[in-house]
Each structure stands twice: as structure tokens, then as C-alpha cells.
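I have placed the structure first, in the form of C-alpha cells, so that the comments after it can refer back to it.
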Amino acid sequence: MSSDDYKETEMGLIPKEWEFISIKNSPVEIIDGDRSSNYPKRDELLNEGDLPFLSTKNIKNNRFNFNDAVFVTKEKFDSINKGKLNENDIVMTTRGSVGNVALFKNLPFKSALINAQMLIFRSNSKYLSSQYLYYLLTSNFLQKQFNTFSSGSAQPQLPISHLKSINLIIPSLKEQNSIAKILTDLDKKIELNHEMNRTLEAMGQAIFRHWFVHFEFPDKEGRSYKSSGGEMVDSELGEIPKGWKIGKLKDVGKIICGKTPPKSKQEYFGGEVPFIKIPDMHGQTFVVKTEDSLTQEGKKFQQNKTLPANSVCISCIATVGLVCITPQDSQTNQQINSIIPQYEFFTPYLYYKMSSIKDFIEILASGGSATLNLNTKNFSNIDIIIPSDEVLKKYYRIVKLLFDHILNNQIQNENLSQLRDSLLPKLMSGKIRVNIPEEATVK
């Protein structure tokens, strides 16, 4: 296309035939939450149910996360007039972390309520695809506008009156569907990999429990050890198989407490060495991507803090008990204690072992204080069952296959995410035009 086929807007050049209009004049309805006397009170919230009462913590990475969701009864739900979600609605946070969005589609709940820190976008499907609108709202085009119109430095918020003046880029419905399909297909592949990794994780954990909690690892004849009469001996941690022992974490590897290089030394940051912090660990088996990184110079500044591949990292301050593995040479900040195993075949066992004692680590870290903090000395002296090398090697050979798949899927997801994020602004601005087949719809 030539430059004559484009028009200038506040957001740059877009195709001439595309609309550039404010939300107020677009086929989008903005729905606020209910703020009447019927607004759910704390003692009316349930820990489980079919009708979630959503808060900002239920939207992470532009997806719904129901792990910590609370619920209301159907009677309470029916008593509320506003803020009820329909299929294909989009939820956006408007206070605190402004601009996080999630699409209410293909989820296990038929409806939900939003709290006072959120609102709903409901598009007219004859003119505007909800899937396209969702991706548009996540784009830098819109996110920059959200930030510009947000008010309040201590607690940023985006009033509906400001939101309505924000502009949207709207192609034809067919082109919207084609754009959304490209981005949705990438997200579906990413989610499929996530789902596969959850299954692989569960398999590794199930084998861990069978072998190292119930002591039903295969004996020399291939029989389940304990149930087939394998000899057990007493220990300070209860009965354990003969030949196993009790030790400290420091007995199975080198314990490293991370450290942050001086931030005044800008030459230490922005390189290729992962610098792991607690937010990088959430939901990860391997830390493939980190928000911050170190240069080789930064790494050398504190070379004794370097963790080789297959080290096990455990968060020990504030958010305690997250566990992950390093896929390459890395360093961490001081909120993380790590184990460099004596032998690589210790890694899967230590990963699942540390994951299995999360509650104990939290108790150990409390020390009677509200702020959790497990220092390196106490961490190093945690008692641990040390199985025989023979059993650990057998477990390693099995679980390494699972871990290899998990790591490959994580790397693929990172590449797919980068591809999606690079395509999104080009598709939304019309710099890349897409074919428009008649059947281009998003399911």
C-alpha cells in the first residue's frame, strides 16, 4: 500500500478505511460495578461457589486467575443490579494497577460480579469483535492512553468520564476477526503448552510422593519397596528405608544467598545473565525469563553468587516457599536462597522436596513476626531425608525426561509471546494487513 492509503491520527498512520473514534462514540458499553447497599460485605463472601466476586488480584497477565477467588450466593448475586458479567465481556482494572484486562470467555463460570476497582467493556458484536477489542485494550496504543488519563499518584485510578474520551482503532468486522484469529491462535498454543506443563509437573510430583513419601520406589526386583517388605529403620524424621539417612540441606549442596549489585553501577545491568527475583518465580519450573539481567561485568562483580544450571532456588523473604530451577548460569537477589546440588541427579528430588515443605518453610520463616524471613543459616540447617544415590539416579532418569519437555515448552512459550507482542502493534495499526477469508471468526 502507498502512503495515500493511510491517514494520520493521534496514534500515527492507520488505513484510511479504518475508524478512529472515542470509546464514547464506539459500539462499546461501559458498565460499572454495583456501589449500592447491596454491595457484598466481607462476611457474605464464600471460599467456593459458582458465582465469583472478582477483584484486581483475579487478573494476572491479562488473564483471569481464580486461585484466590471468593464467591457469593445466588441470592446475593440476584440482589445486585450492576457489574454482572456476560460471555465475551472484558473486565478492566481501574484503580491501583490500571489497565489490566481479561476476556470472560470459555471459562468454568456462567457469570461473575466485579468489585468497585473494575469495570466491564461490552461490545456490540455486529460491529466490534470482543476478541479484537480485548487485544486492542492490551496494546501499547491503549495502555499509554490509560496511563495518561489515570489520576491520583498514591492510588492511580481511571474514571469512566476520562475513559470515554480514549480513542479506539476499528477496522471492518471481517478484518477484526482475522487479526484476532492470528493472535488467538498464538495464545491457544501458549495455553496448550502451559496445560501440558501442568500435567508433566503433576506426574513428576506423583512419582515423588510414591517414591519418597510412601517409600514405594522399585526395589532391585522391581517391586514396590515398602509394601513388598522392604526394611525400614527409625530416624528423627520417622521411619525411612534402610540405607537412607537424615541430613541438613547444606549436606546435599552448596547454599547461596543472592545479592543485588550496586544499582549505581549501570554497567552491571542489562546483559544476558538472568537476575532472578521473586516475581520471576511465580508459576515457573525453570526461570526462562527474568525482568532484570546482569552483564558479564555484573556477574564477575559477585562471581561467588553465580548459580550454575540445575540449581534450585527458594524464595525466603515476604513471599516464601516458591521453588524453581535455573536453566543456565544465573544470579538472584537477597530474597532467595539457592542450593547448588553436589550432583545433578539431586536436582529433581530437591525441587519437589522443597515444594512439598512449603508450609514448614513458612512456619520457619515467621519467627513470631508478621514479615516472613528465613535467613540463610536456618535455611541451611533444615532437616532433610537423603535417599540412596541408586534411588535418586533412577528417579532422575525418569523425571529428567519430564523436565526436558517442560523446559522446551517454556522456551517455546517465551518465543511465541515475543512473536505475539511484536505482531500486535503492527496488526493494530495496519502496518501489517491480513487476508480476510469469509470464515475468519474466532471461536
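The values are calculated or read from the model by the stated rules, or taken from the named source; none is laboratory data. Just so it is clear, the structure is predicted and the values come from calculations on it, not from any experiment. Neighbour counts run over all protein chains shown; Cβ positions are idealised from the backbone, glycine included. All accessible areas refer to the heavy atoms of the entire protein, side chains included, with ligands and DNA or RNA removed. Shrake-Rupley method; radii C 1.70, N 1.55, O 1.52, S 1.80 Å.
Structure summary
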quantity	calculated
Residue in segment 152-174 that is of a type in the set (A, V, I, L, M) and open to solvent by 70 Å² or more (accessible area, probe 1.4 Å) present	yes
Selection from segment 270-282 of residues that are open to solvent by 60 Å² or more (accessible area, probe 1.4 Å) and either closer than 21 Å to Ile317 by Cβ or part of a loop (DSSP other than H, G, I, E, B) (or both)	Pro279, His282
Extreme residue, most open to solvent (accessible area, probe 1.4 Å), among residues of segment 175-191 that are more than 16 Å from Thr285 (Cα to Cα) and free of Cβ contacts under 8 Å to residues at least 40 places away in the same chain	Lys188
In segment 6-39, residue most open to solvent (accessible area, probe 1.4 Å) [restricted to those that are out of contact with any strand residue (DSSP E or B) (no Cβ under 7 Å at 6 or more places or on another chain) and part of a strand (DSSP E or B)]	Glu8
Test: residue in segment 419-429 that is under 26 Å from Pro274 (Cβ atoms), modelled with pLDDT under 95 and of a type in the set (Asp, Glu)	yes
Pick from segment 302-312, criterion surrounded by 18 or more Cβ atoms within 10 Å (Cβ to Cβ) and of a type in the set (A, V, I, L, M, F, W, C), ranking: nearest to Ser366 (Cα to Cα)	Val312
Candidate set: segment 239-266, residues that are under 30 Å from Gly229 (Cβ atoms) and either under 33 Å from the mean Cα position of the chain (by Cα) or basic (Lys, Arg) (or both); chosen: the one least open to solvent (accessible area, probe 1.4 Å)	Val252
Selection from segment 46-99 of residues that are under 19 Å from Tyr134 (Cβ atoms) and of a type in the set (Asp, Glu)	Glu87, Asp89
Among (1) in contact with a Lys or Arg (Cβ under 9 Å, 6 or more places away or on another chain); (2) open to solvent by 80 Å² or more (accessible area, probe 1.4 Å), the one test that Phe217 misses	(2)
Count of residues meeting criterion [open to solvent by less than 60 Å² (accessible area, probe 1.4 Å), in a helix (DSSP H, G or I), touching a residue at least 60 places away in the same chain (Cβ under 8 Å) and touching a helix residue (DSSP H, G or I) at 6+ places or on another chain (Cβ under 8 Å)] in segment 352-385	5
Pair list, Cβ under 7 Å, 6 or more apart: segment 130-151 residue free of Cβ contacts under 8 Å to residues at least 40 places away in the same chain and over 20 Å from Pro27 (Cβ atoms), other residue open to solvent by 40 Å² or more (accessible area, probe 1.4 Å) and in a helix (DSSP H, G or I)	Phe149/His162
Residue within segment 429-440 that is of a type in the set (A, V, I, L, M) and open to solvent by 30 Å² or more (accessible area, probe 1.4 Å) present	yes
Candidate set from segment 97-128 (those that are open to solvent by 20 Å² or more (accessible area, probe 1.4 Å) and outside any loop (DSSP other than H, G, I, E, B)); member that is farthest from Phe71 (Cα to Cα)	Ser123
In segment 386-412, the residues that are among the β-branched types (Val, Ile, Thr) and open to solvent by 70 Å² or more (accessible area, probe 1.4 Å)	Ile398, Ile411
Filtered residues of segment 51-96 (kept if open to solvent by 80 Å² or more (accessible area, probe 1.4 Å) and either basic (Lys, Arg) or assigned to a loop (DSSP other than H, G, I, E, B) (or both))	Lys57, Lys60, Asn61, Arg63, Asn67, Asp68, Lys74, Asn81, Lys82, Glu87, Arg95
Residues satisfying the stated conditions in segment 61-111, i.e. more than 23 Å from the chain's Cα centre (by Cα) and of a type in the set (Gly, Ala, Ser)	Ser79, Gly83, Ser111
Odd one out for Val288, checked against (1) over 30 Å from Leu407 (Cβ atoms); (2) within 26 Å of the chain's Cα centre (by Cα); (3) of a type outside the set (Lys, Arg)	(1)
Some residue of segment 348-356 being over 27 Å from Gln296 (Cα atoms), touching a strand residue (DSSP E or B) at 6+ places or on another chain (Cβ under 6 Å) and not hydroxyl-bearing (Ser, Thr, Tyr)	yes
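Let's see how each residue does on (1) in contact with a Leu (Cβ under 9 Å, 6 or more places away or on another chain); (2) open to solvent by 30 Å² or more (accessible area, probe 1.4 Å); (3) in contact (Cβ under 8 Å) with a residue 24 or more places away in the chain; (4) under 22 Å from Ser417 (Cα atoms):
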residue	(1), (2), (3), (4)
Gln284	yes, yes, yes, yes
Ser293	no, no, yes, yes
Glu297	no, yes, yes, no
Ile314	yes, no, yes, no
Ile325	yes, no, yes, yes
Asp329	yes, yes, yes, no
Gln334	no, yes, yes, no
